[in-house]
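FYI, it's all coordinate maths here, none of it is from the lab. Nothing here was measured: the structure is a model prediction, and the numbers come from that model. Please note: Cβ atoms are built from the backbone with ideal geometry, for glycine as well, and neighbour counts cover all protein chains shown.
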Amino acid sequence: MKVQRRVHRDWVEEVSREILWEKVEGLDGSPGESFSLVLQGLRRARATLEIQVADVNDNAPQFLSPPSVFTVPETSPAGSSITKLRTKDVDTGISGMARFSVDNELFTVDKAKCSNKECFTTLRLAKQLDFESQRIHHVVVKAEDGNPHSNRSNSVSHTVTIHVGDEDECVYD
């Protein structure tokens, strides 16, 4: 912006604010996003304002097409894979990386693998299931992003229903 005549300082500040707002509006912390604002005053005075955009953790991860209901044979051993789960988070860096957990000791999730703003995990059996003890299990899978040691994390949960399939069990005499 070139200033050809003496202008009131408040006017320059207002114009600068408007320019910044128009440029910044709609950004969500894209990596390496930056821009410059050059102010030129009287007698060739010039100032450059370099602005770096930093992402904040303002978006929770979202499950992508999460599966909800499965049947698992009671003879499936511990460690058996039940399903793969996937999340997406538009935040960048650690703010966009999900950590997964479950609320049921009979199940576990693998450590998340993240790439291109998506994170993946596998829901597995931690212990063998027993049809006669419990026929249906509801497992809440939680995806949480951000730094686990700060209060700047977001989370989302998804419930998976597991029906235990009855299998013939060997009876020894």
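Extension gain for residue 84 to residue 159 (0.36 nm times residue separation, less C-alpha to C-alpha distance): 25.7 nm. Just check the range 115-159 against the gyration tensor rule for me: Cα atoms, a ≥ b ≥ c as the square roots of the eigenvalues, rounded for a/c under 1.5, and otherwise prolate or oblate depending on whether a/b exceeds b/c. The shape class here is prolate. Between the amide H of residue 82 and those of 123, 124, 125, distances stay under 5 Å, these residues lying 5 or more places away or on another chain, with hydrogens modeled in the peptide plane.
A Förster distance of 41 Å, applied to the separation of the beta-carbon atoms of residue 103 and residue 53, puts the FRET efficiency at 0.65.
Summing charges over all other residues whose Cβ lies under 10 Å from the Cβ of residue 154, with Lys and Arg as +1 and Asp and Glu as -1, gives -4.
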